[in-house]
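Enquirer: A single structure is presented below for examination.
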Amino acid sequence: MTDTNKTATLTLDGKTYELPVLSPTEGPDVIDIRKLYGQANVFTYDPGFTSTASCDSSITFIDGEEGVLLHRGYPISDLAGKSHYLEVCYLLLYGALPSAAELEDFETRVTRHTMVHEQMHRFFTGFRRDAHPMAIMTGVVGAMSAFYHDSTDISDPWQREVASIRMIAKMPTIAAMAYKYTIGQPFVYPRNDLDYASNFLRMCFAVPAEEYQVDPILSRAMDRIFTLHADHEQNASTSTVRLASSSGANPFACIAAGIACLWGPAHGGANQACLEMLREIGSVDKIPEYIARAKDKNDPFRLMGFGHRVYKNFDPRAKVMKESADEVLELLGVENNPTLQVAKELERQALEDDYFVSKKLFPNVDFYSGIILEAMGFPTAMFTPIFALSRTVGWISQWKEMIEDPQMKIGRPRQLYTGASERPYVDVENR
Ligand code: SDX
């Protein structure tokens with residue numbers, strides 16, 4: 001962020017205010033309103049933050065009009081095609097692609113933190129067996145504050161580093177345990193001889209009664225899904241983590257807040273909602289009915305997996321996900337998957353419909369991900385936990401960036417008050 005010699009002029013009640021304009025590396029200029037209230041005694045108003053930059057960040061950049069997504073300057077298509085998730089984690093956390101030695105050291109550190117405290121196993125038994133895995137993850141990750149006291153002091157750089165590695169390393173184990181718990185199978189411990197994605201697949205699908213061989217096709221697809229969900233600027237759950245962390249709360253509690261926010265169907269819960277929608281549509285001949293419903297202002301139904309606050313063009317992650325869906329389903333011999341056929345026809349019809357074209361509603365990251373995850377053997381309830389697992393590195397990287405920013409202060413928005421002005425209390429007998 002650089003100061004420019006440009007200013008924005010605001011005229012209000014006959015007075016003129018010059019507001020500094022800041023220039024980013026990429027994207028629109030920013031009007032710095034930090035002194036506005038002190039100078040003009042007014043707030044700005046932007047529910048949903050459609051035009052508000054909440055922070056400066058150097059981690060991820062999105063150009064919604066052009067359908068561009070960069071992580072530390074590298075296009076998502078390059079990272080999804082040429083990199084792998086733990087290398088992307090290193091990039092997001094430390095700002096540069098690692099050397100071979102740095103990558104090996106990082107992967108070893110993550111691998112050696114994949115087990116959870118043995119006493120946490122008992123924590124799971126407090127949940128009903130039919131609990132949603134996201135409910136379990138929200139609770140268990142929050143409870144990490146009670147198990148890892150030696151990495152909760154955010155003022156200690158070493159503890160911040162350990163907490164970061166622990167979160168990235170343990171989320172697959174916790175997600176797999178949440179899944180195993182809900183299906184009544186025993187927990188499967190992580191293995192240090194497996195890569196990150198293979199470890200997760202084995203912890204989800206292995207049973208003590210027989211050996212589980214990880215299919216390299218599935219682990220490559222899994223790793224790519226992790227990469228595609230890793231970070232995405234100041235989305236709702238990342239903003240939740242930043243706001244919670246701004247009070248100085250420990251990272252585990254703040255990540256739990258992010259998981260809770262991600263669960264919503266307008267955000268990370270959309271992948272589960274999208275697959276359920278595609279199943280409800282059921283066949284291509286029912287598509288026009290559902291498109292009509294999505295366009296009907298009196299019908300709360302929306303096309304899940306469509307639309308985005310920032311992308312007003314194709315979500316670049318959806319493009320990679322769609323290619324991956326074709327590849328994985330063909331390799332698994334389910335290329336005629338009816339859900340995939342419905343998804344492709346729904347996309348085709350929606351993108352020819354003026355309602356979606358005029359409102360710039362395109363498939364987002366959640367539109368195809370569920371189809372791949374279902375083909376890989378995951379139940380819909382595990383779709384958002386996998387999104388949360390993938391996004392943990394984004395939450396942690398943004399948390400780390402904020403905590404290390406000397407300008408950091410507690411987040412405390414103001415409001416447009418529409419309630420009663422001051423009035424005298426009336427005793428109950430006189431009301
Ligand atoms: C994610 O922020 C991120 O970066 C999120 C994410 C990430 O990686 O972190 O990318 C992940 O959350 C992706 C989005 C997943 N959610 C869904 O797929 C749910 C369906 N999508 C919608 O709920 C909606 O598109 C949002 C929530 C994603 C975006 O909401 P906005 O920007 O507030 O859009 P809007 O509600 O202002 O909609 C603009 C117009 C409205 O019509 P008008 O009032 O202008 O007449 O488009 C319509 C909406 O009714 N619209 C839709 C629609 N999405 C928007 N109409 C039908 N179907 C849809 N999906």
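Enquirer: With a 1.4 Å probe and all protein chains kept in place, how much accessible area does residue 97 have, in Å² rounded to the nearest 10?
Expert: Counting only protein heavy atoms, the figure is 70 Å².
Enquirer: With an 8 Å Cα cut-off and a minimum separation of 6 or more residues, compute the relative contact order for the range 59-101 in percent.
Expert: On the way: 38 pairs, mean separation 12.1, N = 43.
Normalised by residue count, the contact order of the range 59-101 is 28 percent.
Enquirer: Same structure again: Using only C-alpha atoms and all pairs of different ones, pull out the Kirkwood radius for the chain in Å with one decimal. Walk me through the intermediate numbers first.
Expert: Details: mean 1/r = 0.0426 Å⁻¹.
After inverting the pairwise mean of 1/r, the radius is 23.4 Å.
Enquirer: Where does the range 240-384 land on the Kirkwood hydrodynamic radius, alpha-carbon pairs, in angstrom?
Expert: Taking every pair of different Cα atoms in the range 240-384, averaging 1/r and inverting gives 16.2 Å.
Enquirer: Related question: Using all alpha carbons of the range 359-427, what is the percent of pairwise distances in each 5 Å bin, ordered from the shortest bin to the longest?
Expert: Over the range 359-427, the share of Cα pairs per 5 Å bin runs 3, 10, 11, 10, 9, 11, 12, 11, 7, 6, 5, 2, 1 percent.
Enquirer: Okay, next question. Residue 210 to residue 35: extension gain in nm, 0.36 nm per residue of separation minus the Cα-Cα distance? Please list the in-between numbers first.
Expert: On the way: separation 175, 0.36 × 175 = 63.00 nm, distance 6.50 nm.
56.5 nm is the gain from fully extending residue 210 to residue 35.
Enquirer: If you don't mind, another one. Using heavy-atom solvent-accessible surface (probe 1.4 Å) with all chains present, what is the largest-first order of 158, 399, 263?
Expert: Values: 158 165, 399 0, 263 95 Å².
Listed by decreasing accessible area, they come as 158, 263, 399.
Enquirer: Shifting gears a bit: Got a sec? What order do 400, 35, 319 fall in by accessible area at 1.4 Å, biggest, i.e. largest, first?
Expert: Working: 400 25, 35 145, 319 110 Å².
Putting 400, 35, 319 in descending order of accessible area: 35, 319, 400.
Enquirer: To continue, here is another question. Rounded to a whole number, what is D in µm²/s for the range 59-209 from Stokes-Einstein with the Kirkwood radius over alpha-carbon pairs (25 °C, 0.890 mPa s)? Show your work: numbers first, answer last.
Expert: Working: Rh = 17.1 Å.
Rounded to a whole number, D works out at 143 µm²/s.
Enquirer: Report the full-extension gain for the segment residue 131 to residue 405: residue separation times 0.36 nm, less the Cα-Cα distance, to one decimal in nm.
Expert: Numbers: separation 274, 0.36 × 274 = 98.64 nm, distance 3.84 nm.
Taking 0.36 nm per residue and subtracting the Cα distance, the gain is 94.8 nm.
Enquirer: Now for a separate question. Step through the residues of the range 217-226 one at a time and calculate ³J(HN,Hα) from phi using the Karplus curve (6.51 cos²θ - 1.76 cosθ + 1.60, θ = phi - 60°), rounding each to whole Hz and writing x for Gly and Pro.
Expert: Running phi through 6.51 cos²θ - 1.76 cosθ + 1.60 with θ = phi - 60° gives 5, 5, 5, 5, 5, 4, 4, 5, 4, 4 Hz.
Enquirer: Moving on to the next point. In whole Å, what are the extents of the range 337-383 along the principal axes defined by its C-alpha atoms, from largest to smallest?
Expert: 36, 18, 11
Enquirer: Suppose the chain between residue 326 and residue 104 were pulled fully straight at 0.36 nm per residue; how much longer would it get relative to their current alpha carbon spacing? Write down the numbers at each step before the final one.
Expert: Details: separation 222, 0.36 × 222 = 79.92 nm, distance 3.19 nm.
This chain segment gains 76.7 nm when fully extended.
Enquirer: Tally Lys and Arg at +1 and Asp and Glu at -1 over the other residues with C-beta under 14 Å from the C-beta of residue 175: what net charge comes out?
Expert: Numbers: positive: 170, 180, 202, 391; negative: none.
Result for the neighbourhood of residue 175: +4.
Enquirer: Using only C-alpha positions, report the orientation-averaged shadow area of the convex hull of the range 30-126, nm², one decimal. Please list the in-between numbers first.
Expert: Values: hull surface 47.3 nm².
Value for the range 30-126: 11.8 nm².
Enquirer: On to the next question. Based on the mean of other Cβ atoms within 10 Å per residue, sort peptides 282-289, 254-261, 87-94 so the most packed one is first.
Expert: With the highest mean Cβ count within 10 Å placed first, the list reads 254-261, 87-94, 282-289.
Enquirer: Please compute the alpha carbon radius of gyration of the range 145-277, then divide it by the globular-protein estimate 2.2 N^0.38 Å. Two decimals is fine.
Expert: Numbers: Rg = 16.5 Å, N = 133, 2.2 N^0.38 = 14.1 Å.
Taking the Cα Rg and dividing by 2.2 N^0.38 Å, one obtains 1.17.
Enquirer: 222 nm [θ] for the chain, helices only, -39500 (n - 2.57) per DSSP H run of 4+, per residue, to 500? Working shown, then result.
Expert: On the way: 18 runs with 208 residues, N = 431.
Rounded to the nearest 500, the figure is -15000 deg cm²/dmol.
Enquirer: Can you check what the net charge comes to around residue 340, using other residues whose Cβ is under 11 Å from the Cβ of residue 340 (Lys, Arg +1; Asp, Glu -1)? Each step should come with its number before you reach the end.
Expert: Numbers: positive: 322, 344; negative: 326, 330, 335, 345, 347, 374.
Cβ neighbours under 11 Å give a net charge of -4.
Enquirer: Let me ask you something else. Using the per-residue mean of other Cβ atoms lying within 10 Å as a proxy for protection, in what order, highest first, do the peptides 189-199, 218-228, 38-48 fall?
Expert: Going from most to least packed, we get 218-228, 189-199, 38-48.
Enquirer: OK, next. For the range 306-431, state what percent of all Cα-Cα pairs lands in each successive 5 Å bin, counting from 0 Å until the bin that includes the largest distance.
Expert: Result, from short to long distances: 2, 8, 12, 13, 12, 10, 9, 7, 6, 5, 5, 4, 3, 1, 1, 0 percent.
Enquirer: Going through the cross-link list 295/360; 312/400; 295/344; 322/359, which pairs have a Cα-Cα distance over 24 Å in this structure? Walk me through the numbers before you get to the answer.
Expert: Working: 295/360 13 Å; 312/400 29 Å; 295/344 19 Å; 322/359 22 Å.
Pairs exceeding 24 Å: 312/400.
Enquirer: If I model the range 281-352 as equal point scatterers sitting on the Cα atoms and use the Debye formula, what is log10 I(q)/I(0) at q = 0.14, 0.27 Å⁻¹?
Expert: So the normalised log intensities work out to -0.52, -1.29.
Enquirer: Same structure again: In Å and whole numbers, how far do the C-alpha atoms of the range 227-289 stretch along each principal axis, longest first?
Expert: Here the Cα extents, ordered largest to smallest, are 53, 19, 18 Å.
Enquirer: Shifting gears a bit: Within the set of other residues whose C-beta is less than 10 Å from the C-beta of residue 111, count the net charge using Lys and Arg as +1 and Asp and Glu as -1. Intermediate values should be presented prior to the final figure.
Expert: On the way: positive: 109, 112, 191; negative: 107, 193, 195.
Counting the neighbours of residue 111, the net charge comes to 0.
The values are calculated or read from the model by the stated rules, or taken from the named source; none is laboratory data. In this text the structure is predicted, and so the values were computed from the model without any measurement. With ideal geometry, Cβ positions are generated from the backbone for all residues, glycine too; neighbour counts draw on all protein chains shown. SASA here: full protein model, heavy atoms, side chains in, ligands and nucleic acids out. Shrake-Rupley method; radii C 1.70, N 1.55, O 1.52, S 1.80 Å.
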